[in-house]
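A.B. asks: Quick one: the structure is below, questions incoming.
The values are calculated or read from the model by the stated rules, or taken from the named source; none is laboratory data. Here the structure is a predicted model, which means the values were calculated and not measured. Glycine gets a Cβ as well: all are built from the backbone with ideal geometry, and neighbour counts include every protein chain shown.
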Amino acid sequence: MADQDYTDGNMLAGPMRELFAVDLTAATGRCANCGLTGPIAQMRVYQHAPGLVARCPGCEEVVMRLVRTPTSAWLDLRGAVFVQVPMPAESPASW
Amino acid sequence: MARAAVPGRLNRGASWRVAQLVESREETGTARTLVLEVPDWPGHTPGQHVDVRLTAPDGYRAERSYSIASAAAGNRIELTVQRVPDGEVSPYLIDVFSVGDPVEIRGPVGGWFVWRSADPAPVLLVAGGSGIVPLMAMVRARRAAGSRVPFRLIYSVRTPRDAYFADELRQRARDDGGLDVSYVYTRETPDGWPSAAHRIGVADVNSHGWPAELEPTCFVCGPTGFVETVADILVALGHDSRRVKTERFGPTGG
């Protein structure tokens, strides 16, 4: 089962919410290695490394890495060409 | 407080808050439903989850994600937690955590694996074991919204005793027009069940799901291997992979 020792990008919702004002799991990302484009929610997330390591579901290259220390958060996005966040032109006045 | 420094609307779901257990009930031999009262709960969309954080007396912290099982209703949310043998968090939540006790939660979070009642597309839900939890939130939200969007649920469990929400699902399939529920048993079937115990396969998904031409939204949740099997079957049956939303629990947890 070692090759299935991961969850998915859905679990990044909480940790990413600490950093960003928007939900990142519904955002679209492109893998810098293979070019696969898809929702962050569908990446493969390994939690047993230090921090959270998100790999591309297509080529398994590391797309992003998030390490939380007591005083800061390290977000390494070197494996992503872009992250596209759905965002309306104008925010509604209330929920 | 830091919370006051950030506009609440943008900060939604970002900060930890203290919830209190107000009710706990047995779901199966290995799972309990926890009813939490969360002050100022902003509401949630079915499929979203919360992160639960426990802090030991020595400061050691453990965090886990749990899908919300309930439809949005005031300041109460329900989590149905499965016991993970040797887990760090679930045995505490199931055996020790008592009515009146506080717990830290963050959420609701997650905006991708969610069903919105305004979406008219038919829905296929495929659950493996405790993967039923976020899908049950969708079934309940559909009922709460009075939605007529057709839903089909395929629920794979080891034995009849392992099914969560069995009575409620029976009732909803009877009373909520347009909801079909079918089961796949992997180890032991009920008496007189028409097929032998087996793992979910093409025939199950084909018989109890929607034809791809109807362009349903498919939500698949369960252990990683189960989710990948079902997602592969759906794509092989012609479903657009962009309409197949998955959530994996992974091999461990708890």
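A.B. asks: Which of (1) touching a helix residue (DSSP H, G or I) at 6+ places or on another chain (Cβ under 9 Å); (2) more than 23 Å from B:Thr159 (Cβ to Cβ) is the odd one out, the single condition B:Gly29 does not satisfy?
C.D. replies: The single condition B:Gly29 does not satisfy is (2).
A.B. asks: When segment A:13-40 is examined, which residues are found to be surrounded by fewer than 24 Cβ atoms within 10 Å (Cβ to Cβ), of a type in the set (A, V, I, L, M, F, W, C) and closer than 18 Å to B:Cys221 by Cα?
C.D. replies: Across segment A:13-40, the qualifying residue is only A:Ala26.
A.B. asks: If we only count helices (runs of 4 or more DSSP H) wholly inside segment B:143-254, which ones have 2 or more residues that are over 30 Å from A:Ala27 (Cβ atoms) and modelled with pLDDT of 95 or more?
C.D. replies: Once the helices (runs of 4 or more DSSP H) in segment B:143-254 are filtered for at least 2 residues that are over 30 Å from A:Ala27 (Cβ atoms) and modelled with pLDDT of 95 or more, what remains is B:166-175, B:202-208.
A.B. asks: Could you tell me whether segment A:63-71 includes any residue that is polar (S, T, N, Q) and within 11 Å of another protein chain (Cβ to nearest Cβ)?
C.D. replies: No, segment A:63-71 contains no residue that is polar (S, T, N, Q) and within 11 Å of another protein chain (Cβ to nearest Cβ).
A.B. asks: At least 2 residues that are surrounded by fewer than 24 Cβ atoms within 10 Å (Cβ to Cβ) and outside the structural domain of B:Pro216 (by TED's automatic domain parsing) in each: list the strands (runs of 3 or more DSSP E) lying fully within segment B:49-134 that qualify.
C.D. replies: Because the criterion is at least 2 residues that are surrounded by fewer than 24 Cβ atoms within 10 Å (Cβ to Cβ) and outside the structural domain of B:Pro216 (by TED's automatic domain parsing), the strands (runs of 3 or more DSSP E) in segment B:49-134 that meet it are B:49-55, B:61-67, B:76-82, B:102-109.
A.B. asks: Determine which member of the set B:Arg116, B:Arg148 is within 14 Å of chain A (Cβ to nearest Cβ) and out of contact with any His (no Cβ under 8 Å at 6 or more places or on another chain).
C.D. replies: B:Arg116
A.B. asks: Restricting to segment B:79-113, and then to whatever is charged (D, E, K, R) and at negative phi, can you tell me which residue is farthest from the other protein chains (Cβ to nearest Cβ)?
C.D. replies: It comes out as B:Asp95.
A.B. asks: Collect the residues in segment A:50-95 that are small (Gly, Ala, Ser) and either free of Cβ contacts under 8 Å to residues at least 12 places away in the same chain or crowded, with 18+ Cβ neighbours inside 10 Å (or both), keeping them in residue-number order.
C.D. replies: A:Ala54, A:Ser72, A:Gly79, A:Ala80, A:Ala89, A:Ser91, A:Ala93, A:Ser94
A.B. asks: Follow-up question, since we're still on this one. What are the residues in segment A:12-36 that are under 11 Å from the mean Cα position of the chain (by Cα), within 14 Å of B:Gly111 (Cβ to Cβ) and either more than 10 Å from every other protein chain (Cβ to nearest Cβ) or in contact (Cβ under 8 Å) with a residue 40 or more places away in the chain (or both), if any?
C.D. replies: Correct list: A:Leu12, A:Met16, A:Leu24, A:Ala26, A:Ala27, A:Thr28.
A.B. asks: Within segment B:195-217, take every residue that is in contact with a Phe, Trp or Tyr (Cβ under 8 Å, 6 or more places away or on another chain) and buried (at least 19 other Cβ atoms within 10 Å of the Cβ) and give me the one that is nearest to the other protein chains (Cβ to nearest Cβ).
C.D. replies: B:Thr217
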